[in-house]
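J.: Let me begin by handing over the structure; questions about it come next.
Since every read-out is calculated from the coordinates, none of them should be taken as a lab result. Note that the coordinates shown come from a computational prediction; the quantities given were computed from them, not determined experimentally. Note that each Cβ is placed from the backbone with ideal geometry, even for glycine, and that neighbours are counted across all protein chains shown.
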Amino acid sequence: MRIGSEEHKQLFCQWFMESHRLYEAEQLPWPQLDSTTLERLQGIPFWDEALQTEKKAGKMLEIYAVTVQDPLIREAIALQGQEEARHGRVIEYLIDRYNVNLPQKPERQIPDNLEPAFIKFGYGECFDSFFAFGLFEIARQAELMPEAFFTIFDPILDEEARHMVFFINWIAYKQVQEGRGWLRPFNSLWQYTGALQRRLDNLSGITQKKKSSNKQKKKSSNKKGFTATGVKAFTLNLTLDQFLEVCLQENAKRMSRYDERLLRPDFLPMLTNVAQRLLKLLPKRRPNPMANAA
């Protein structure tokens, strides 16, 4: 099968639509949580960002799909918009059910130039999901939440993997149709570099805000958040190369479920493989005996 052909388009669009699952947030088997687990869940810092991202993506793709000329691609992109919006409803339901306290913020504006926004979002989703697969498995092994909780979100992460595969095939098809297929590797490098830079900028901004408000938060320091209550429990003995190994394994596992003729987002796994091999060549840090004594 030739990438960018009519056969390719039929495959990635039909596969995407036929693999759509029907469910709504209130139908999922949400577990009861004890007070310790509930506090840990409420302290996870990314619910606000996840909710805003999914709600914005759902609306953006709904509007963008209307502008797409090809009826099959239009239907598939509209379906992804529905799934992104449903992810937002799942997170919103979780927030309400478990009384997660989030600051009130205005909804994010939909950009005027929708196609470049969708492309930026698609590469960003590939970037975030690759590492989310690893973090999800690490949290599962550490039993930070009841298994029922992971059972709910495992299929949702599979939907994110579906979105990644659909996007990568759509952008490849689009580039070939526009006579720019030879630019695919360079475009991937450019887009992933941009995704990384945006996340580093966000992290830097968050760090600066935390430093400036540390004095004001001392009185309410009993609410420790995700880093203090959860991350230490499963990253204490986890090195960077071990973390990357889990990300690679989980990404490969989820991507293996799809038709072999479909493209996968392989640029980031390739770079991660290289980084992991380089890390293994570095001298191993000796364990600190005083840490164990403490």
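J.: Towards the positive end of the charge dipole of the stretch 1-55, with charges on Cβ (+1 Lys, Arg; -1 Asp, Glu), say which of GLN14, LEU33, GLY4 has the farthest Cα.
T.: My answer, from the dipole projection, is GLY4.
J.: Full-extension gain between THR151 and ARG180, please, as 0.36 nm times their residue separation minus the C-alpha to C-alpha distance.
T.: 6.3 nm
J.: Moving on to the next point. Which whole number in µm²/s is D for the stretch 1-116 by Stokes-Einstein, with the Kirkwood Rh taken over Cα pairs at 37 °C and 0.692 mPa s?
T.: 200 µm²/s
J.: Loop-only check: which trypsin sites (Lys or Arg not before Pro) in the stretch 1-96 are DSSP coil with at most 14 other Cβ within 10 angstrom?
T.: Loop-located and lightly packed - ARG2, ARG21.
J.: How far, in nm, would the chain grow between LEU238 and GLU143 when pulled straight, counting 0.36 nm per residue and subtracting the alpha carbon separation?
T.: 32.7 nm
J.: If you find the alpha carbon centre of the stretch 45-74 and of the stretch 139-195, how far apart are they in angstrom?
T.: When both Cα centres are located, 14 Å separates them.
J.: If you don't mind, there's one more thing I want to ask. In nm, give the distance between the simple-model label positions of ASP96 and GLN109, each being 7 Å from the Cα along the Cα-to-Cβ direction.
T.: Here the modelled spin labels are 2.9 nm apart.
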